[in-house]
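Novice: Would you mind keeping the following structure in view while I ask a few things?
The values are calculated or read from the model by the stated rules, or taken from the named source; none is laboratory data. These numbers come from a predicted model, not from an experiment. Cβ sites come from the backbone with ideal geometry, for glycine too, and all protein chains shown count toward neighbours.
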Amino acid sequence: MSNLNRKKKKVLVAMSGGVDSSVSAALLQDQGYDVVGMTMQVWDHSRPESDVQEGYGTCCSSVDVEDARAVCQKLNIPFYVLNCEARFKAQVIDKFVDSYLKGETPVPCVDCNTYLKFDHLVQKMKELECDYLATGHYARIEKSKTGSYHICKSTDDWKDQTYFLFTLSQDLISRLLFPIGEMEKQQVRKIAEEKGLNVFRKKDSTGLCFVGSGGYADFIEKQMGEKNKSIEGPIKLYPSGEEIGRHQGLYRFTYGQRKGLGVSSNKALFVVKVDSDNNTLWLGEEHHLYSDKARVVGLNWLDKVGDGERLRVKIRFHHTGCWTRVYKEDSNTMRLEFEEPQKSVTPGQAAVLYRGNQLVGGGSIVSFS
(Lines give C-alpha, C1' and ligand atoms only; values in the text may rest on other atoms or scores of the structure.)
Protein backbone atom coordinates (compact mmCIF):
# COMPACT_ATOMS: atom_id res chain seq x y z
CA MET A 1 0.00 0.00 0.00
CA SER A 2 1.40 3.41 -0.95
CA ASN A 3 1.96 6.15 1.60
CA LEU A 4 -0.63 8.24 -0.25
CA ASN A 5 -3.31 5.60 0.28
CA ARG A 6 -2.32 4.99 3.87
CA LYS A 7 -2.94 8.62 4.74
CA LYS A 8 -6.59 8.06 3.85
CA LYS A 9 -6.94 5.23 6.36
CA LYS A 10 -8.13 5.95 9.88
CA VAL A 11 -7.28 3.68 12.80
CA LEU A 12 -8.58 3.51 16.37
CA VAL A 13 -5.80 2.44 18.77
CA ALA A 14 -6.75 0.78 22.06
CA MET A 15 -4.54 2.64 24.53
CA SER A 16 -3.87 0.85 27.83
CA GLY A 17 -1.42 3.45 29.11
CA GLY A 18 1.46 1.02 28.66
CA VAL A 19 4.49 1.08 26.40
CA ASP A 20 3.16 -1.47 23.88
CA SER A 21 -0.02 0.35 22.86
CA SER A 22 1.78 3.71 23.01
CA VAL A 23 4.44 2.57 20.55
CA SER A 24 1.74 0.99 18.39
CA ALA A 25 0.05 4.39 18.04
CA ALA A 26 3.37 6.09 17.25
CA LEU A 27 4.32 3.53 14.61
CA LEU A 28 0.96 3.82 12.87
CA GLN A 29 1.30 7.57 12.82
CA ASP A 30 4.74 7.20 11.24
CA GLN A 31 3.19 4.96 8.58
CA GLY A 32 0.76 7.68 7.58
CA TYR A 33 -2.42 6.55 9.27
CA ASP A 34 -4.90 8.98 10.78
CA VAL A 35 -4.64 7.78 14.39
CA VAL A 36 -7.21 8.10 17.18
CA GLY A 37 -6.45 6.89 20.73
CA MET A 38 -9.06 5.41 23.07
CA THR A 39 -8.73 4.07 26.61
CA MET A 40 -11.28 1.86 28.32
CA GLN A 41 -12.00 2.72 31.97
CA VAL A 42 -12.97 -0.73 33.17
CA TRP A 43 -12.45 -0.78 36.92
CA ASP A 44 -12.61 1.85 39.65
CA HIS A 45 -9.61 1.20 41.88
CA SER A 46 -11.12 3.41 44.58
CA ARG A 47 -13.79 0.76 45.22
CA PRO A 48 -13.77 -0.72 48.76
CA GLU A 49 -13.08 -4.20 47.35
CA SER A 50 -10.01 -3.02 45.45
CA ASP A 51 -6.55 -2.93 47.03
CA VAL A 52 -4.60 -2.62 43.76
CA GLN A 53 -1.79 -0.07 43.80
CA GLU A 54 -2.40 1.95 40.67
CA GLY A 55 0.41 2.45 38.20
CA TYR A 56 2.44 -0.55 39.37
CA GLY A 57 1.63 -3.36 36.99
CA THR A 58 -2.00 -2.32 36.61
CA CYS A 59 -4.02 -1.95 33.45
CA CYS A 60 -6.64 0.69 32.63
CA SER A 61 -6.50 2.41 36.06
CA SER A 62 -6.81 6.20 36.44
CA VAL A 63 -3.00 6.43 36.34
CA ASP A 64 -2.93 4.42 33.11
CA VAL A 65 -5.63 6.64 31.60
CA GLU A 66 -3.52 9.72 32.31
CA ASP A 67 -0.42 8.03 30.87
CA ALA A 68 -2.35 7.26 27.68
CA ARG A 69 -3.62 10.83 27.54
CA ALA A 70 -0.05 12.16 27.85
CA VAL A 71 1.14 9.92 25.00
CA CYS A 72 -1.69 11.10 22.75
CA GLN A 73 -0.85 14.71 23.57
CA LYS A 74 2.78 14.02 22.69
CA LEU A 75 1.72 12.50 19.36
CA ASN A 76 -0.88 15.24 18.84
CA ILE A 77 -3.70 12.78 18.16
CA PRO A 78 -7.33 12.76 19.44
CA PHE A 79 -7.91 10.89 22.69
CA TYR A 80 -11.13 9.45 24.15
CA VAL A 81 -11.92 7.69 27.42
CA LEU A 82 -14.64 5.06 27.22
CA ASN A 83 -16.38 4.12 30.47
CA CYS A 84 -16.80 0.34 30.34
CA GLU A 85 -17.22 -0.39 34.06
CA ALA A 86 -20.76 -1.79 33.82
CA ARG A 87 -19.91 -3.95 30.82
CA PHE A 88 -16.67 -5.13 32.44
CA LYS A 89 -18.55 -6.04 35.62
CA ALA A 90 -21.17 -8.06 33.73
CA GLN A 91 -18.94 -9.75 31.14
CA VAL A 92 -15.69 -10.24 33.08
CA ILE A 93 -16.01 -9.82 36.87
CA ASP A 94 -19.30 -11.69 37.31
CA LYS A 95 -18.15 -14.54 35.07
CA PHE A 96 -14.84 -14.68 36.95
CA VAL A 97 -16.61 -15.05 40.31
CA ASP A 98 -19.18 -17.54 38.99
CA SER A 99 -16.46 -19.71 37.48
CA TYR A 100 -14.55 -19.96 40.75
CA LEU A 101 -17.75 -20.82 42.61
CA LYS A 102 -18.31 -23.66 40.11
CA GLY A 103 -14.86 -25.08 40.83
CA GLU A 104 -13.24 -23.68 37.69
CA THR A 105 -10.17 -21.49 37.17
CA PRO A 106 -11.21 -18.87 34.59
CA VAL A 107 -9.19 -16.76 32.13
CA PRO A 108 -10.75 -13.29 32.44
CA CYS A 109 -8.32 -11.78 29.91
CA VAL A 110 -10.01 -13.86 27.20
CA ASP A 111 -13.40 -12.43 28.16
CA CYS A 112 -11.99 -8.90 28.28
CA ASN A 113 -10.57 -9.30 24.78
CA THR A 114 -13.77 -10.90 23.49
CA TYR A 115 -16.43 -8.62 24.96
CA LEU A 116 -14.61 -5.31 25.35
CA LYS A 117 -11.48 -4.86 23.22
CA PHE A 118 -12.78 -6.75 20.19
CA ASP A 119 -16.48 -6.10 20.56
CA HIS A 120 -17.21 -2.82 22.33
CA LEU A 121 -14.19 -1.07 20.78
CA VAL A 122 -15.14 -2.35 17.34
CA GLN A 123 -18.49 -0.58 17.69
CA LYS A 124 -16.67 2.62 18.63
CA MET A 125 -14.34 2.13 15.68
CA LYS A 126 -17.37 2.11 13.38
CA GLU A 127 -18.96 5.10 15.11
CA LEU A 128 -15.76 7.11 14.60
CA GLU A 129 -15.62 5.94 10.96
CA CYS A 130 -12.26 4.24 11.43
CA ASP A 131 -11.04 1.63 8.97
CA TYR A 132 -9.05 -0.39 11.48
CA LEU A 133 -8.72 -1.23 15.15
CA ALA A 134 -5.17 -1.57 16.47
CA THR A 135 -3.85 -2.92 19.77
CA GLY A 136 -0.49 -3.48 21.39
CA HIS A 137 -0.81 -7.27 21.38
CA TYR A 138 2.26 -9.34 20.62
CA ALA A 139 0.74 -11.17 17.67
CA ARG A 140 0.90 -11.05 13.86
CA ILE A 141 -1.66 -11.11 11.07
CA GLU A 142 -0.86 -12.81 7.76
CA LYS A 143 -2.97 -12.98 4.62
CA SER A 144 -3.14 -16.38 2.94
CA LYS A 145 -3.06 -17.09 -0.79
CA THR A 146 -6.83 -17.69 -0.67
CA GLY A 147 -7.46 -14.23 0.79
CA SER A 148 -8.27 -15.30 4.34
CA TYR A 149 -6.46 -13.81 7.32
CA HIS A 150 -4.48 -15.77 9.90
CA ILE A 151 -3.38 -14.80 13.39
CA CYS A 152 0.17 -15.99 13.97
CA LYS A 153 2.53 -16.01 16.93
CA SER A 154 4.61 -12.96 17.70
CA THR A 155 8.28 -12.72 16.85
CA ASP A 156 8.88 -12.39 20.61
CA ASP A 157 7.85 -15.89 21.69
CA TRP A 158 8.09 -15.06 25.41
CA LYS A 159 5.66 -12.13 25.07
CA ASP A 160 3.36 -13.82 22.53
CA GLN A 161 -0.33 -13.14 23.37
CA THR A 162 -2.14 -15.16 20.71
CA TYR A 163 -3.45 -17.46 23.49
CA PHE A 164 -6.01 -14.74 24.35
CA LEU A 165 -7.17 -14.16 20.76
CA PHE A 166 -8.79 -17.46 19.75
CA THR A 167 -12.35 -16.06 20.01
CA LEU A 168 -11.95 -13.58 17.14
CA SER A 169 -13.87 -13.81 13.87
CA GLN A 170 -12.40 -13.88 10.37
CA ASP A 171 -14.25 -10.68 9.47
CA LEU A 172 -12.79 -8.85 12.46
CA ILE A 173 -9.24 -10.11 11.89
CA SER A 174 -9.25 -8.44 8.47
CA ARG A 175 -9.73 -5.07 10.21
CA LEU A 176 -7.13 -5.53 12.98
CA LEU A 177 -3.60 -4.21 13.16
CA PHE A 178 -0.90 -5.45 15.56
CA PRO A 179 1.94 -2.95 14.91
CA ILE A 180 4.48 -4.47 17.34
CA GLY A 181 3.89 -8.12 16.46
CA GLU A 182 7.19 -8.34 14.60
CA MET A 183 9.18 -6.79 17.45
CA GLU A 184 10.75 -7.82 20.73
CA LYS A 185 10.03 -5.98 23.96
CA GLN A 186 13.46 -4.40 24.21
CA GLN A 187 13.03 -2.89 20.75
CA VAL A 188 9.60 -1.52 21.68
CA ARG A 189 10.99 0.23 24.77
CA LYS A 190 13.83 1.70 22.73
CA ILE A 191 11.39 3.20 20.23
CA ALA A 192 9.34 4.69 23.07
CA GLU A 193 12.44 6.30 24.55
CA GLU A 194 13.59 7.66 21.19
CA LYS A 195 10.17 9.23 20.64
CA GLY A 196 10.14 10.79 24.09
CA LEU A 197 7.10 8.86 25.30
CA ASN A 198 6.72 9.08 29.07
CA VAL A 199 5.97 5.34 29.42
CA PHE A 200 9.22 3.94 28.02
CA ARG A 201 10.31 2.61 31.43
CA LYS A 202 6.85 1.76 32.71
CA LYS A 203 6.48 -1.66 34.31
CA ASP A 204 4.51 -4.24 32.34
CA SER A 205 1.04 -5.06 33.59
CA THR A 206 1.03 -8.29 35.59
CA GLY A 207 -1.73 -10.46 36.99
CA LEU A 208 -5.32 -9.26 36.86
CA CYS A 209 -6.14 -5.57 36.84
CA PHE A 210 -8.87 -5.97 39.48
CA VAL A 211 -7.22 -8.39 41.95
CA GLY A 212 -4.85 -6.84 44.45
CA SER A 213 -2.57 -8.08 47.20
CA GLY A 214 -5.44 -9.82 49.00
CA GLY A 215 -5.58 -12.43 46.23
CA TYR A 216 -8.43 -14.10 44.34
CA ALA A 217 -10.24 -15.52 47.37
CA ASP A 218 -10.40 -12.17 49.15
CA PHE A 219 -11.69 -10.44 46.01
CA ILE A 220 -14.32 -13.13 45.41
CA GLU A 221 -15.57 -12.94 49.00
CA LYS A 222 -16.03 -9.19 48.71
CA GLN A 223 -17.99 -9.70 45.50
CA MET A 224 -20.13 -12.46 47.02
CA GLY A 225 -21.23 -10.53 50.11
CA GLU A 226 -21.32 -11.61 53.73
CA LYS A 227 -24.11 -14.20 53.45
CA ASN A 228 -22.23 -16.36 50.94
CA LYS A 229 -18.81 -16.44 52.58
CA SER A 230 -17.03 -19.53 53.86
CA ILE A 231 -19.15 -22.32 52.37
CA GLU A 232 -17.69 -25.18 54.39
CA GLY A 233 -17.32 -28.67 52.97
CA PRO A 234 -15.26 -31.87 53.16
CA ILE A 235 -11.70 -32.39 52.00
CA LYS A 236 -11.25 -35.97 50.80
CA LEU A 237 -8.25 -38.08 49.88
CA TYR A 238 -8.19 -39.37 46.30
CA PRO A 239 -9.01 -42.09 45.40
CA SER A 240 -9.98 -43.64 48.76
CA GLY A 241 -12.59 -41.02 49.68
CA GLU A 242 -11.31 -40.70 53.23
CA GLU A 243 -12.27 -37.33 54.77
CA ILE A 244 -9.10 -35.65 56.00
CA GLY A 245 -10.30 -32.10 56.69
CA ARG A 246 -12.75 -29.31 55.97
CA HIS A 247 -12.46 -26.46 53.52
CA GLN A 248 -13.95 -22.95 53.89
CA GLY A 249 -14.96 -22.44 50.26
CA LEU A 250 -13.96 -24.17 47.02
CA TYR A 251 -13.13 -20.81 45.42
CA ARG A 252 -9.99 -20.78 47.57
CA PHE A 253 -8.47 -23.64 45.58
CA THR A 254 -7.38 -24.50 42.06
CA TYR A 255 -6.05 -27.61 40.33
CA GLY A 256 -2.45 -28.44 41.12
CA GLN A 257 -2.37 -26.26 44.25
CA ARG A 258 -0.04 -27.59 46.95
CA LYS A 259 0.22 -24.86 49.58
CA GLY A 260 -2.51 -23.57 51.88
CA LEU A 261 -4.59 -26.75 51.77
CA GLY A 262 -5.41 -26.74 55.50
CA VAL A 263 -4.42 -30.35 56.11
CA SER A 264 -1.30 -32.11 57.40
CA SER A 265 0.15 -35.18 55.72
CA ASN A 266 3.38 -37.16 55.66
CA LYS A 267 3.35 -36.98 51.87
CA ALA A 268 2.97 -34.11 49.42
CA LEU A 269 -0.66 -33.55 48.48
CA PHE A 270 -2.17 -31.49 45.64
CA VAL A 271 -5.64 -30.40 44.59
CA VAL A 272 -6.66 -33.00 42.03
CA LYS A 273 -10.38 -32.20 41.76
CA VAL A 274 -12.74 -29.39 42.76
CA ASP A 275 -16.24 -30.93 42.92
CA SER A 276 -18.69 -28.03 43.15
CA ASP A 277 -21.75 -30.30 42.77
CA ASN A 278 -20.92 -31.99 46.09
CA ASN A 279 -18.95 -29.08 47.60
CA THR A 280 -15.96 -31.41 47.97
CA LEU A 281 -12.26 -30.75 47.60
CA TRP A 282 -10.19 -33.76 46.52
CA LEU A 283 -6.48 -34.05 47.31
CA GLY A 284 -4.10 -36.59 45.85
CA GLU A 285 -0.48 -37.26 45.05
CA GLU A 286 1.33 -35.58 42.19
CA HIS A 287 0.86 -38.47 39.75
CA HIS A 288 -2.91 -38.06 40.10
CA LEU A 289 -2.61 -34.64 38.42
CA TYR A 290 -1.70 -36.10 35.03
CA SER A 291 -4.24 -36.73 32.29
CA ASP A 292 -3.94 -37.89 28.69
CA LYS A 293 -7.15 -36.24 27.47
CA ALA A 294 -9.45 -33.25 27.88
CA ARG A 295 -12.92 -32.20 26.78
CA VAL A 296 -13.30 -28.65 25.46
CA VAL A 297 -16.48 -26.61 24.77
CA GLY A 298 -17.37 -23.14 23.48
CA LEU A 299 -15.30 -23.66 20.35
CA ASN A 300 -14.24 -20.97 17.92
CA TRP A 301 -12.33 -21.89 14.76
CA LEU A 302 -10.15 -19.49 12.81
CA ASP A 303 -9.31 -22.13 10.18
CA LYS A 304 -10.47 -25.58 9.14
CA VAL A 305 -9.23 -28.46 11.29
CA GLY A 306 -9.47 -32.09 10.26
CA ASP A 307 -10.96 -34.68 12.61
CA GLY A 308 -8.03 -36.42 14.29
CA GLU A 309 -5.55 -33.78 13.09
CA ARG A 310 -2.29 -33.51 15.04
CA LEU A 311 -1.81 -29.99 16.43
CA ARG A 312 0.00 -28.20 19.22
CA VAL A 313 -2.16 -27.11 22.16
CA LYS A 314 -1.58 -24.75 25.06
CA ILE A 315 -3.75 -25.59 28.07
CA ARG A 316 -2.83 -22.38 29.93
CA PHE A 317 -1.06 -19.18 29.02
CA HIS A 318 2.40 -20.12 30.30
CA HIS A 319 2.17 -23.72 29.05
CA THR A 320 4.88 -24.45 26.47
CA GLY A 321 2.42 -26.51 24.45
CA CYS A 322 2.17 -30.22 23.64
CA TRP A 323 1.11 -32.40 20.73
CA THR A 324 -2.50 -33.54 20.66
CA ARG A 325 -5.02 -35.18 18.37
CA VAL A 326 -8.25 -33.23 17.92
CA TYR A 327 -11.58 -35.04 17.68
CA LYS A 328 -14.81 -33.08 17.16
CA GLU A 329 -17.68 -34.56 19.16
CA ASP A 330 -20.21 -31.97 17.91
CA SER A 331 -20.26 -28.37 16.67
CA ASN A 332 -19.47 -27.04 20.14
CA THR A 333 -17.37 -29.80 21.72
CA MET A 334 -14.03 -31.43 20.99
CA ARG A 335 -11.92 -34.07 22.67
CA LEU A 336 -8.18 -33.68 22.95
CA GLU A 337 -5.96 -36.74 23.24
CA PHE A 338 -2.44 -35.75 24.30
CA GLU A 339 0.56 -37.67 23.02
CA GLU A 340 2.04 -37.38 26.51
CA PRO A 341 0.02 -36.99 29.75
CA GLN A 342 -0.25 -33.37 30.88
CA LYS A 343 -0.17 -32.01 34.42
CA SER A 344 -3.04 -29.99 35.92
CA VAL A 345 -5.47 -29.88 33.01
CA THR A 346 -7.75 -27.30 34.60
CA PRO A 347 -11.48 -26.74 33.95
CA GLY A 348 -12.13 -23.12 33.07
CA GLN A 349 -8.78 -22.58 31.39
CA ALA A 350 -8.59 -22.18 27.62
CA ALA A 351 -7.22 -24.89 25.34
CA VAL A 352 -5.76 -23.06 22.35
CA LEU A 353 -4.63 -24.84 19.19
CA TYR A 354 -1.80 -24.06 16.77
CA ARG A 355 -0.68 -25.34 13.38
CA GLY A 356 2.94 -24.26 13.39
CA ASN A 357 2.84 -20.56 14.28
CA GLN A 358 -0.77 -20.18 13.13
CA LEU A 359 -3.56 -19.89 15.69
CA VAL A 360 -6.39 -22.14 14.51
CA GLY A 361 -8.92 -22.03 17.35
CA GLY A 362 -9.75 -23.00 20.89
CA GLY A 363 -12.31 -23.30 23.63
CA SER A 364 -12.81 -23.76 27.37
CA ILE A 365 -11.75 -26.91 29.21
CA VAL A 366 -14.64 -28.55 31.06
CA SER A 367 -13.13 -31.89 32.08
CA PHE A 368 -9.98 -33.94 31.80
CA SER A 369 -11.40 -37.44 31.68
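Novice: Return the only residue of 162, 146 being of a type in the set (Val, Ile, Thr) and more than 25 Å from residue 19 (Cβ to Cβ). I'd like the intermediate steps shown before the answer.
Specialist: Working: 162 fails: more than 25 Å from residue 19 (Cβ to Cβ).
146 is the lone residue from the list that is of a type in the set (Val, Ile, Thr) and more than 25 Å from residue 19 (Cβ to Cβ).
Novice: Residue 304 is checked against (1) in the same structural domain as residue 342 (by TED's automatic domain parsing); (2) touching a residue at least 12 places away in the same chain (Cβ under 8 Å) and fails just one. What number does that condition carry?
Specialist: All conditions are met except number (2).
Novice: While we're looking at this one, here's another question. Is the range 287-295 home to any residue that is within 23 Å of residue 164 (Cβ to Cβ) and either at pLDDT 95 or above or of a type in the set (A, V, I, L, M, F, W, C) (or both)?
Specialist: Filtering the range 287-295 down to residues within 23 Å of residue 164 (Cβ to Cβ) leaves 294-295.
Adding the requirement that they be either at pLDDT 95 or above or of a type in the set (A, V, I, L, M, F, W, C) (or both) leaves 294-295.
Yes, because at least one residue in the range 287-295 is within 23 Å of residue 164 (Cβ to Cβ) and either at pLDDT 95 or above or of a type in the set (A, V, I, L, M, F, W, C) (or both).
Novice: So, one more: Considering only residues that are more than 20 Å from residue 273 (Cα to Cα) and at pLDDT 95 or above, which ones fall in the range 329-355?
Specialist: The first filter runs over the range 329-355 and keeps only residues more than 20 Å from residue 273 (Cα to Cα), leaving 329-334, 339-340, 352-355.
Hits for the range 329-355 are 333, 334, 339, 340, 352, 353, 354, 355.
Novice: Looking at residue 303, is it under 29 Å from the mean Cα position of the chain (by Cα) and under 24 Å from residue 163 (Cβ atoms)? Don't jump to the end; show me each part of the working.
Specialist: Working: under 29 Å from the mean Cα position of the chain (by Cα): yes; under 24 Å from residue 163 (Cβ atoms): yes.
Yes, satisfied.
Novice: Only one of 222, 236 is farther than 21 Å from residue 349 by Cβ and in a strand (DSSP E or B). Can you tell me which? If you could, list the steps in order and put the result at the bottom.
Specialist: Details: 222 fails: in a strand (DSSP E or B).
236 is the lone residue from the list that is farther than 21 Å from residue 349 by Cβ and in a strand (DSSP E or B).
Novice: Just the residues that are surrounded by 14 or more Cβ atoms within 10 Å (Cβ to Cβ), assigned to a loop (DSSP other than H, G, I, E, B) and without any contact (Cβ under 8 Å) to a residue 40 or more places away in the chain, please, taken from the range 114-173.
Specialist: Answer for the range 114-173, where residues must be surrounded by 14 or more Cβ atoms within 10 Å (Cβ to Cβ), assigned to a loop (DSSP other than H, G, I, E, B) and without any contact (Cβ under 8 Å) to a residue 40 or more places away in the chain: 154, 155, 156, 159, 160, 161.
Novice: Which condition from (1) part of a strand (DSSP E or B); (2) under 25 Å from residue 102 (Cβ atoms); (3) hydrophobic (A, V, I, L, M, F, W, C) is the one that residue 326 breaks?
Specialist: (2)
Novice: Answer with yes or no whether residue 317 is closer than 16 Å to residue 364 by Cα, surrounded by 15 or more Cβ atoms within 10 Å (Cβ to Cβ) and among the hydrophobic types (A, V, I, L, M, F, W, C). Working first, answer last.
Specialist: Details: closer than 16 Å to residue 364 by Cα: yes; surrounded by 15 or more Cβ atoms within 10 Å (Cβ to Cβ): yes; among the hydrophobic types (A, V, I, L, M, F, W, C): yes.
Yes: the conditions hold for residue 317.
Novice: Determine if the range 269-284 includes at least one residue that is assigned by TED's automatic domain parsing to the domain that holds residue 323, surrounded by 19 or more Cβ atoms within 10 Å (Cβ to Cβ) and not in a strand (DSSP E or B).
Specialist: No, that holds for no residue.
Novice: Which condition from (1) part of a loop (DSSP other than H, G, I, E, B); (2) without any contact (Cβ under 8 Å) to a residue 40 or more places away in the chain; (3) more than 15 Å from residue 347 (Cα to Cα) is the one that residue 244 breaks?
Specialist: (1)
Novice: For the range 246-274, give me the residue count where each residue is under 22 Å from residue 294 (Cα atoms) and polar (S, T, N, Q).
Specialist: 2
Novice: Another question, if that's okay. Can you name the condition, by its number, that residue 316 falls short on among (1) within 19 Å of residue 163 (Cβ to Cβ); (2) in a strand (DSSP E or B); (3) of a type outside the set (Ser, Thr, Tyr)?
Specialist: All conditions are met except number (2).
Novice: Within the range 1-86, which strands (runs of 3 or more DSSP E) (wholly inside it) include 2 or more residues that are within 20 Å of residue 120 (Cα to Cα) and modelled with pLDDT under 95?
Specialist: In the range 1-86, the matching strands (runs of 3 or more DSSP E) lie at 34-41, 79-83.
Novice: May I pose another question? Pull out all pairs, ordered by first then second residue, where Cβ-Cβ is under 8 Å, the residues are six or more apart or on different chains, the first lies in the range 320-342 and is farther than 19 Å from residue 300 by Cα and among the β-branched types (Val, Ile, Thr), and the second is surrounded by 15 or more Cβ atoms within 10 Å (Cβ to Cβ) and modelled with pLDDT of 95 or more.
Specialist: Once the first residue is farther than 19 Å from residue 300 by Cα and among the β-branched types (Val, Ile, Thr) and sits in the range 320-342, its partners that are surrounded by 15 or more Cβ atoms within 10 Å (Cβ to Cβ) and modelled with pLDDT of 95 or more give 320/314.
Residues are listed down the side, and each one gets a yes or a no for (1) outside any strand (DSSP E or B); (2) under 20 Å from residue 140 (Cα atoms):
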| residue | (1), (2) |
| --- | --- |
| 296 | no, no |
| 299 | no, no |
| 307 | yes, no |
| 339 | no, no |
| 359 | no, yes |
| 365 | no, no |
